[in-house]
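The values are calculated or read from the model by the stated rules, or taken from the named source; none is laboratory data. All values derive from a computational prediction rather than experimental measurement. Backbone-built Cβ (ideal geometry, glycine too); neighbour counts: all protein chains shown.
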C-alpha cells in the first residue's frame, strides 16, 4: 500500500500465456530492427510459431491449476483480468487457429512471380528471395529458363514487398527487385493474437477497450498488405479502419455510460449495481452502445457490412485469422458482457438482440446465395454463422453458453481451413482464383482439394457427421429449452437455404465440365498442408466423436463474476 492506494499484484504464472505472446511480439520487433534481411524470414517464422506453442503449453498448465484455484487467485490485476473457464476456452481456440495462420503466412510456394535476370545467384539459378510487384507478375506467365537472359520465376509469400508504397509503382517494383520481405507481419500478428487472448478474459470495460484496440490496430495494417489486387487490399484496410474506429468510439462511449450507471468499470460491479438500481436508463444506454461495438467485431447485421469487402481484399492468411480467431475472441467478450455485466437487462434487451440475430441469419444467408465469388460467398457465410452463434449467445443459460463455445470452436477451425484452401487454387497468372465458374470440374481434376473443400462446406451447411451439425444442434437445442423457438425455427430454415449455396460449389467441382483456362492447384509446402489437413480432420472428428469437446465446453461454461 502506497499513500492509501493498494497496488495490484501481478500473477505472472496465470498471465503467462498472454505474456509469452506479447513478449515474443516485442522480440520480433527487435528482430525486424537488427536481424539481417536474408535471415529475418526464417527467424520470424520460427520465433512466432515457437512463441505460440509455448503459450499453448503455458495455457495447459494454467487451465489445469485453475480447477483448484480459489476465485481470489483467478482474479488478477485488481479484477482487470479473470482466469475462468470461458476465457481459457477462447484463448485455446485463438492459439490453435493462430498457429495455423502464422504457419500459413510463411508459405512461399503458392505465389509465383517474376524477377529480372540480374536477381540470380552466381550459379545462374533464381535467388531464393526477391520478387516483383503486382503489375509485372500479373502481365507475365512464362516458364523459367535459368540458362537464358529471360526473367526468372521466384517464389514469394502473400504479402507485398513494400506496403508503404503506391500499388504498382516503381518504388514497389524496386522493393521487389531488392528482395524485400514483409516480415513485420509476424510481430503484427502476435500483437493481434495477444489482444484476442486478453479480449475474452477482461474483467472490466477499460481493459476490454484496450484489448480491442490492441487486436484491431495490427489487423488494420495487415489487411492492406496483399501482394496481388493491391488497390482492393488497401480499400479493405481503409474500410475496416474507418468503421472500426467508429465502433471503438461507440464502445468507449458505452463504457462511460456504464461508469455513470454504477460508478465502476468492473463488469461484476456494473451487474451488481443494475440489480438494485431504481433508474436503469444509463445502464440500458451503456448496454446498447457496448453491444454495438462488440457486434461490429463479430460481424453481425447491420454492423458487419465490412466483412465481405475486407475478407475478399485482405491477404488470405489474414482473412483466415480474422474469420476464425478474431470472431472467437469477440464472442468471448460479448458473452462476458451479457452474462456478467448486464444479465438483469436481458428482458429489456431481448427484442433488439432477437431482431439483430434474425436479421443476421436471414440477410447474410440470402446475400450469400447471390454471390459468384467463393471467397465473398464464404464471407457472407461467416456472417450467417455469426447469427447462428448469436442464437446461443443471447440465451442466457449455462447450456446455451456451452453450446456457443462449442460452436465458435468448430466454426473457427473450419473457417480457417476453407479460406486457406481457396488460396491454393490459382489462375494462369498465379493469382488466387475464387470465381465459382472457374471452379467447375476442380474436384475431378484435383480430387483431394475438392474433397477437403466439400467436407468443410458440408460442415458449414450443418450436415450430420461434421462438426457444424453438432454445433448447430447444441446451440439450437439449448435455445429451444429456454423458449427461444422462433430463433430456432428461423435458424433451421436459414441453414436449409444455406445448404443450397454450399452444395452448389460441390456440384460445380465434381459434376461440371472445366472451362477453358481452368485454374490449377498450386502445391504448397507443409506450412500450409498440415494446418489445412488438421482443420479438415478436426471438422470430421468433432462430427463423429464430439463428446469430449462438448463435455469440456459444458464444464467451463461458468463465468467468474
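Scanning the range 168-213 for residues that are touching a strand residue (DSSP E or B) at 6+ places or on another chain (Cβ under 6 Å) and over 30 Å from residue 14 (Cβ atoms) yields one hit, 182. Residue count for the range 500-513 satisfying the condition of being surrounded by fewer than 17 Cβ atoms within 10 Å (Cβ to Cβ) and either within 27 Å of the chain's Cα centre (by Cα) or touching a residue at least 12 places away in the same chain (Cβ under 8 Å) (or both): 6. Does at least one position in the range 319-328 carry a residue that is surrounded by fewer than 24 Cβ atoms within 10 Å (Cβ to Cβ) and over 18 Å from residue 213 (Cα atoms)? No. For the range 228-239, filtered to residues that are touching a strand residue (DSSP E or B) at 6+ places or on another chain (Cβ under 8 Å) and surrounded by fewer than 23 Cβ atoms within 10 Å (Cβ to Cβ), the residue that is modelled with the lowest pLDDT is 228. Here residue 480 qualifies as part of a helix (DSSP H, G or I) and either touching a strand residue (DSSP E or B) at 6+ places or on another chain (Cβ under 7 Å) or at pLDDT below 95 (or both). Please specify each residue of the range 22-68 satisfying the condition of being outside any helix (DSSP H, G or I) and surrounded by fewer than 16 Cβ atoms within 10 Å (Cβ to Cβ). Hits for the range 22-68 are 36, 67, 68. Taking the numbered list (1) assigned to a helix (DSSP H, G or I); (2) free of Cβ contacts under 8 Å to residues at least 40 places away in the same chain in turn, residue 516 passes all entries but (1).
Can you tell me how many residues in the range 521-532 are touching a residue at least 24 places away in the same chain (Cβ under 8 Å) and surrounded by fewer than 16 Cβ atoms within 10 Å (Cβ to Cβ)?
In the first step, residues of the range 521-532 are kept if they are touching a residue at least 24 places away in the same chain (Cβ under 8 Å); the result is 521-525, 527-528, 530-532.
Now drop any that are not surrounded by fewer than 16 Cβ atoms within 10 Å (Cβ to Cβ), which leaves 523, 525, 530.
Residues in the range 521-532 being touching a residue at least 24 places away in the same chain (Cβ under 8 Å) and surrounded by fewer than 16 Cβ atoms within 10 Å (Cβ to Cβ): 3 in total.
Among (1) more than 24 Å from the chain's Cα centre (by Cα); (2) part of a helix (DSSP H, G or I), where does residue 494 come up short? Going through (1) more than 24 Å from the chain's Cα centre (by Cα); (2) part of a helix (DSSP H, G or I) one by one, residue 494 breaks only (1). With 390, 465, 401, 421 as the choices, which residue is over 24 Å from residue 541 (Cβ atoms) and in contact (Cβ under 8 Å) with a residue 60 or more places away in the chain? So the residue among 390, 465, 401, 421 that is over 24 Å from residue 541 (Cβ atoms) and in contact (Cβ under 8 Å) with a residue 60 or more places away in the chain is 390.
Given the conditions (1) buried (at least 23 other Cβ atoms within 10 Å of the Cβ); (2) out of contact with any helix residue (DSSP H, G or I) (no Cβ under 8 Å at 6 or more places or on another chain), and given that residue 107 satisfies all but one, which numbered condition is not satisfied? All conditions pass for residue 107, except number (2). Only helices (runs of 4 or more DSSP H) whose full extent lies in the range 257-337 are considered here, and the ones with at least 2 residues that are within 24 Å of residue 80 (Cβ to Cβ) and in contact with a helix residue (DSSP H, G or I) (Cβ under 7 Å, 6 or more places away or on another chain) are 267-276, 281-298, 327-336. Among the residues of the range 536-561, those that are closer than 30 Å to residue 396 by Cα and either under 19 Å from the mean Cα position of the chain (by Cα) or exposed (fewer than 14 other Cβ atoms within 10 Å of the Cβ) (or both) comprise 538, 539, 544, 545, 547, 548, 551, 555.
Taking the range 143-177, which residues are assigned to a loop (DSSP other than H, G, I, E, B), surrounded by 14 or more Cβ atoms within 10 Å (Cβ to Cβ) and at pLDDT 65 or above?
The answer is 157, 158, 160, 161, 162, 163, 165, 167, 168, 169.
For first residues located in the range 193-222 and within 13 Å of residue 94 (Cβ to Cβ), partners that are outside any helix (DSSP H, G or I) and lie 6+ apart or on another chain with Cβ distances below 8 Å form the pairs 198/81; 201/81; 201/82; 201/83; 201/84; 211/202.
Of all the criteria given as (1) surrounded by fewer than 18 Cβ atoms within 10 Å (Cβ to Cβ); (2) assigned to a helix (DSSP H, G or I), the one not satisfied by residue 465 is (2). Residues in the range 453-462 that are within 22 Å of residue 356 (Cα to Cα) and in a helix (DSSP H, G or I): 460, 461. The single residue among 28, 37, 78, 48 that is out of contact with any helix residue (DSSP H, G or I) (no Cβ under 7 Å at 6 or more places or on another chain), in contact (Cβ under 8 Å) with a residue 12 or more places away in the chain and farther than 24 Å from residue 206 by Cβ turns out to be 37.
Looking only at the range 352-375, how many residues end up being under 18 Å from residue 436 (Cα atoms) and crowded, with 21+ Cβ neighbours inside 10 Å? Give the steps one after another, and end with the answer.
Of the residues in the range 352-375, the ones under 18 Å from residue 436 (Cα atoms) are 365-375.
Subset that is crowded, with 21+ Cβ neighbours inside 10 Å: 365, 368, 374-375.
Result for the range 352-375: 4.
Just to be sure before I move on: is residue 133 touching a helix residue (DSSP H, G or I) at 6+ places or on another chain (Cβ under 9 Å), modelled with pLDDT under 50 and under 20 Å from residue 314 (Cβ atoms) in the structure I sent? Considered against the rule, which asks whether it is touching a helix residue (DSSP H, G or I) at 6+ places or on another chain (Cβ under 9 Å), modelled with pLDDT under 50 and under 20 Å from residue 314 (Cβ atoms), residue 133 comes out as yes. Here residue 437 meets each of (1) touching a helix residue (DSSP H, G or I) at 6+ places or on another chain (Cβ under 7 Å); (2) in a helix (DSSP H, G or I) with one exception, condition (1).
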